[in-house]
Amino acid sequence: MASKGYHDTMRQLLLELWSKGEEARINENLASICRELERHTPRIKANVEHGDVLTEAETERIRQLNDAYNANIERYKSLKGFK
């Protein structure tokens with residue numbers, strides 16, 4: 001029969017693996033969000049500099065990306081114990 005120390009060690013290793021996997025998923029999400037926001041940057045810049053109007057769809061998508069970014073940052077903080 002396996003010792004309690006072995007089970008505790010295995011449990012800790014599995015928790016660490018899960019945490020690393022979750023962190024990797026968060027990082028992938030953030031990278032994807034940033035890439036998409038980068039594609040919107042020229043339109044946002046034109047909006048600020050020249051008063052060009054963003055379409056309703058562009059505005060909504062940027063809002064969605066911002067919300068997703070903030071949600072992933074909160075997930076990361078929670079995962080790392082910053083919350």
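The values are calculated or read from the model by the stated rules, or taken from the named source; none is laboratory data. Not measured: the values here are computed from a predicted model. Reconstructed Cβ throughout: ideal geometry from the backbone, glycine too, with neighbour counts over all protein chains shown.
Applying a threshold of 8 Å to beta carbon distances and a minimum spacing of six or more residues, or different chains, the list of pairs starting in region 21-35 at a residue that is within 12 Å of Ile73 (Cα to Cα) and ending at one that is part of a helix (DSSP H, G or I) and of a type in the set (S, T, N, Q) reads Ile26/Asn72; Asn29/Asn72; Leu30/Asn72; Ile33/Asn72. The condition (being farther than 22 Å from Lys83 by Cβ and either modelled with pLDDT of 95 or more or of a type in the set (Asp, Glu) (or both)) is satisfied by just one residue among Arg61, Arg25: Arg61. For region 56-67, the count of residues that are touching a helix residue (DSSP H, G or I) at 6+ places or on another chain (Cβ under 6 Å), touching a residue at least 12 places away in the same chain (Cβ under 8 Å), under 16 Å from Ser32 (Cβ atoms) and basic (Lys, Arg) is zero. Residues of region 35-82 that are exposed (fewer than 13 other Cβ atoms within 10 Å of the Cβ), over 30 Å from Lys20 (Cα atoms) and among the hydrophobic types (A, V, I, L, M, F, W, C): Val48, Val53, Ala57. In the set Asn47, Asn29, only one residue is part of a helix (DSSP H, G or I), among the polar types (S, T, N, Q) and in contact with a helix residue (DSSP H, G or I) (Cβ under 6 Å, 6 or more places away or on another chain); that residue is Asn29.
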